[in-house]
Every structure is written in C-alpha cells, then in structure tokens.
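Everything on this sheet refers to the single structure shown next.
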Amino acid sequence: MASAPDFLSAAECADVIRAMNESPREPAQVVRAGESVLDPSLRSCFDHHFPEDHKRRIGERMASYFDDHRAAFESDADFLYGPYFMSYEKGSYFRAHRDVANHKDDPPRLAAHRWSLLLYLNGRRATGALPTFDGGALTVYETDSRLRDRRVVVVPEPGMLLLFRSSLMHEVATVLDGTRYAVAGWMSSARSPALGGPR
Ligand SMILES: O=C(O)CCC(=O)C(=O)O
Ligand SMILES: [Fe+2]
C-alpha cells in the first residue's frame, strides 16, 4: 500500500466536489457473475457522470503518479481504467470485496486490474470550505508473505491518493454523517491474457 497525502490541493478538491454535485448521478452497481447489478447487500453509494474533460485530466494525473513511482509497484500495469466519481451519503457503504474478477463470466477488464487508486476529496476534519463526514473509513486486508496478515484502516484526508493491490480485500465503513467524496481508478495491464495479451 502507498499514499500521496497532498496529491490534490484543497481548492482542487473543492472544484471536483462542485462539479460532482452539479453532475447527474445514479446508484452505483456491482459486477456479480458477469453482470452489473444493484446490490444493496454489498454496495450503497452514487456514481456521478462527471464532465469528460475534467475526467480525462484527473485520470491522466493519477496514471502519471503511478508511472513516476512505477518501481515501487512491481507491476506491468500500463493504463488507467476510469476514473469514476463516487459520493457516499449518510448510510452509504461498500462491503468487503476485491476489485478483480471473481467469476468466469466477469468482464475481462476486471482480470486486468492490478492496482486500485483512490483519490479522496474530503475528510472528517474541516479543511477550508470542504464538506466533512463521519465514519466512512476504508479497511484494507493486507496479505504479505513476510508480515503477518493485518488490516490497515485508512481515514480519508482531502487530496490524498491511496494505492493498493486490487486483489486485496477491502471495505468502506458506513458513513455516519455528511457526504464522503472519492475518485476511483484502476491501473490495469493491457498485456493481461484476459484482454488478449500474450499468455
Ligand atoms: O472509496 C473507497 O475508499 C474505496 C471504494 C472501492 O473500494 C471501490 O470503488 O472499489
Ligand atoms: Fe474496491
């Protein structure tokens, strides 16, 4: 796991949150046995249709952070899938899951995911004019052959970029108050056999 605390400034976070609040949104789906479905037993949050130009700009920044620190990630990932813009209102959550394929019918892009990138736009503490929320911590269940398995709890901070392997189990605790805003993208490998790369 790795993080960059000040990937975006508070002013940039405020801009993205504003654009999210102005964009249409729909309840976020999950992929189950190859199909995208609403599944409140697993996930409850909103997916925002974010303006394309903004989206491309943020996606490029996330991908270049990965590229610049590539050596640390020991990965053949070469493109970013996403980004997606999510809001979690009071009562929202994302139960334990992995961001990779779990079923033979799952879309190939899931099997190509290598690293999950989360960009947090706000946090629990007041920062400038950014909205705050309570609850909504991310827990990642790290597995490491050299270390004992452990859970790492991440409390989002505005502007923080977090990276973890997409194969790790993780979950977002229920938001208890306010709205939690986050951007998610997946560094993926075009060489994945699932995407037609060499086997
Ligand atoms: O918002 C987070 O902290 C994690 C979200 C997540 O796990 C996902 O979108 O796949
Ligand atoms: Fe996830």
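Each reported figure results from applying straightforward, stated rules to the coordinates on display, with no laboratory input. Not measured: the values here are computed from a predicted model. Here the Cβ positions follow ideal geometry from the backbone for every residue, glycine too, while neighbour counts run over all protein chains shown.
The HN-Hα couplings worked out from phi for region 84-97 by the Karplus form 6.51 cos²θ - 1.76 cosθ + 1.60 (θ = phi - 60°) are 10, 10, 10, 10, 10, 7, 3, x, 7, 6, 9, 5, 3, 7 Hz, whole numbers, x standing for Gly and Pro. In units of the rule-of-thumb radius 2.2 N^0.38 Å, the chain shows an alpha carbon radius of gyration of 0.99. Based on the alpha-carbon gyration tensor of region 77-149 and its eigenvalue square roots a ≥ b ≥ c, which shape applies: rounded if a/c is under 1.5, prolate if not and a/b is larger than b/c, or oblate? Since a/c reaches 1.5 and a/b is larger than b/c, the shape of region 77-149 is classed as prolate. Think of each Lys and Arg Cβ as +1 and each Asp and Glu Cβ as -1; about the Cα centre, that makes the dipole of region 51-199 roughly 220 debye. Close amide H partners of residue 43, meaning residues 5 or more places away or on another chain with modelled amide H under 5 Å apart, are 95. Taking a ≥ b ≥ c as the square roots of the eigenvalues of the Cα gyration tensor, region 59-111 is oblate, since a/c reaches 1.5 or more and a/b is not larger than b/c. With a Förster radius of 45 Å applied to the beta-carbon distance between residue 104 and residue 22, the computed FRET efficiency rounds to 0.70. Exposure proxy for 45, 13: other Cβ atoms within 10 Å of each Cβ, ordered fewest to most, give 45, 13.
Calculate the FRET efficiency for residue 129 and residue 191 from the Cβ-Cβ distance with a Förster distance of 41 Å, rounded to the nearest 0.05. Rounded to the nearest 0.05, the efficiency is 0.40.
Based on C-alpha pairs under 8 angstrom that are at least 6 apart in sequence, the chain has a relative contact order of 30 percent.
Of the residues 37, 30, the one with the fewest other Cβ atoms within 10 Å heads the list, and the complete ranking is 37, 30.
Applying both filters, DSSP loop and at most 16 other Cβ atoms within 10 Å, to the GluC sites (Glu not before Pro) of region 1-94 gives 74, 89.
Looking at region 16-121, which trypsin sites (Lys or Arg not before Pro) are DSSP coil and have at most 16 other C-beta atoms within 10 Å of their C-beta? Passing both the DSSP loop test and the Cβ count: 90, 98, 104.
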